Amino acid sequence: MADKRLDRIFTTLLERYGPRHWWPGETPFEVCVGAILTQNTNWGNVEKAIANLKAADRLSVTGIADLLPAALAALIRPAGYFNVKAVRLQAFTTFLQQQYQGSLDRLFAAPWQQTRTELLAVKGIGPETADSILLYAGHKPSFVVDAYTRRIFSRLGLVDERISYDGLRRHFMDRLTLDTALFNEYHALLVELGKQACRPRPQCSSCCLAAQCSYNATKNQSKCS
């Protein structure tokens, strides 16, 4: 790593939680579907929706593209916002069919920066979803940030809590070696910390980064120690 502070945070998290083996998914396409379905819901609900698609033999580009929107929405209902997400899934499969003959291999063969721009043009795919698809399905070095990342790094005093998605992503992209495995593990470890300790109401006593951050629970402010 190029940044000693980020290196120290990563090492501490890895020692505390170990390798996370994220993202769960049997195929790159399943990862893409999961990245779209996980918007505004928890992973447990996504797993139920994906299980429904598998049971119906519809977890494929053509399987999703050929369904009526209402039928697809019914299958992914556990993921919430199912009508909206059905439209987004079919927008993604239509994009794959029209631009890449339905092939993720062809999609990911292009320069990943170009692929990111194309993904962002697909209805319903925002930056976090696009970066998740690139990193976890395409194995491209595009760092994923989320609400956990913003919460943790603003409490550490490294970024402003109002920082934009692109600004927060650049904080990592500009300071770390462009390494897919590193980006994969780093993001997954931050998610784990956000779930286990750095919650909206933080569990500072169980936080492995407590030595690097002091949190004022009364004023709901944080700063570097």
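The values are calculated or read from the model by the stated rules, or taken from the named source; none is laboratory data. Just so you know, these numbers come straight off a predicted model, no measurement behind them. Cβ: placed from backbone, ideal geometry, glycine included. Neighbour counts: every protein chain shown. Only protein heavy atoms, including side chains, enter the accessible area calculation; ligands, DNA and RNA are left aside. Shrake-Rupley method; radii C 1.70, N 1.55, O 1.52, S 1.80 Å.
Within the stretch 91-225, the proportion of C-alpha pairs whose separation exceeds 26 Å stands at 32%. As a rough guide to protection, the peptides 153-164, 138-149 ranked by mean Cβ packing within 10 Å, highest first, stand as 138-149, 153-164. Here the label points at ALA91 and ARG201, each 7 Å from Cα along the C-beta direction, are separated by 3.7 nm in the simple model.
Which option, (1) 26, 24, 18; (2) 33, 19, 15; (3) 30, 18, 16, is the value of semi-axes √(5λ) of the Cα gyration tensor in Å that was calculated from these coordinates? Answer by label: (2). Taking 0.36 nm per residue of separation and subtracting the Cα-Cα distance, full extension of the segment from ARG170 to HIS21 would add 51.2 nm. Helix-only arithmetic for the chain: the sum of -39500 (n - 2.57) across DSSP H runs with n ≥ 4, divided by the residue total, places the mean residue ellipticity at 222 nm at -16500 deg cm²/dmol. The protection proxy used here, the mean number of other Cβ atoms lying within 10 Å of each residue, ranks peptides 198-207, 90-99 as follows, highest first: 90-99, 198-207.
Among 122-128, 72-78, 42-48, the peptide with the highest mean count of other Cβ atoms within 10 Å heads the list, and the full ranking is 72-78, 122-128, 42-48. Note that the chain presents 50 Å² accessible area per residue, ligands and nucleic acids not counted, probe 1.4 Å. Neighbours of LYS140, meaning other residues whose beta-carbon lies under 12 angstrom from its beta-carbon, give a summed charge of -1 when Lys and Arg score +1 and Asp and Glu score -1. For the pair ASP66 and LEU178, what calculated FRET efficiency results from E = 1/(1 + (r/R0)^6), where r is the Cβ-Cβ distance and R0 = 35 Å, to the nearest 0.05? The formula returns an efficiency of 0.40 here. Computed over the stretch 77-145, the Cα gyration tensor eigenvalues convert (square root of 5λ each) into semi-axes of 20, 15, 10 Å, ordered from largest to smallest. Extension gain for ALA55-ALA147 works out to 29.9 nm (0.36 nm per residue, less the C-alpha to C-alpha distance). Taking Cβ atoms as reference points and 15 Å as the exclusive limit, the residues near ARG20 contribute a net charge of -2, counting Lys and Arg as +1 and Asp and Glu as -1.
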